[in-house]
Amino acid sequence: MHWLAECRNAIQWGNSLRIDLLKAKSLGYLVLLAALVTLIVGLILFLIDPNIQSPLDGIWSAWVTMTHVGFGDVVPTSFFGRLLAAGLILFGLALFSLFTALVSVALIGKNMDAFGIDVRRIEQEAGRVQTGEDRILDELARLHQRMEALEKQLSYTDPGRPVAGSDGERA
């Protein structure tokens, strides 16, 4: 039954990641850009390449090329069709790199929230320690002033009496 709890935890983690990714506007823009490029390049492939028989074949070829699946069922045969497909391959590399970066940011962002809470707690504790140190230093300064005042008072009341020196001996 332990594995059921682990599966439940994995599903909850996946759902929270999905929610975080859906919140990110940049992921939506990336998907929209991919869809637009697929449609536009697919239609251009249909117009310039004789091997692509329909607009849907062009869109399919563009999608398969951009995602690096490469089924090979619909391929451009003209020079400009292949050149466009080569550009689409490079665009697909950049697209998936950006997608990977967005997923990484979402995963790191989860940990950064917890890290931020810890940092704020540590800063508060450091502030309390600093306040305590300041109070101790103020008290030491006040005690030092009192000691100096007492030493002066002692030296004025009994001028014949020797006062302790810095090394602890009588002067």
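The values are calculated or read from the model by the stated rules, or taken from the named source; none is laboratory data. Keep in mind that what you see is a predicted model, and the values were worked out from it rather than measured. Note that we place each Cβ from the backbone using ideal geometry, even for glycine, and neighbour counts take in every protein chain shown.
The table for this structure:
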quantity	calculated
Tally, over region 67-104, of residues that are assigned to a helix (DSSP H, G or I) and not charged (D, E, K, R)	25
Matching residues in region 5-18 - criterion: being surrounded by 11 or more Cβ atoms within 10 Å (Cβ to Cβ) and hydrophobic (A, V, I, L, M, F, W, C)	TRP13, LEU17
Flag for GLY92 being closer than 16 Å to VAL37 by Cα and touching a Phe, Trp or Tyr at 6+ places or on another chain (Cβ under 9 Å)	no
Single residue of PHE115, PHE80, PHE71, PHE99 found to be loosely packed, with under 14 Cβ neighbours inside 10 Å and touching a residue at least 12 places away in the same chain (Cβ under 8 Å)	PHE80
Enumerated helices (runs of 4 or more DSSP H) restricted to region 1-66, each holding at least 1 residues that are modelled with pLDDT of 95 or more and within 23 Å of PHE96 (Cα to Cα)	25-48, 55-66
Qualifying position, being farther than 30 Å from GLY14 by Cβ, of a type in the set (Val, Ile, Thr) and touching a residue at least 40 places away in the same chain (Cβ under 8 Å), among ILE40, ILE48, ILE44, ILE52	ILE44
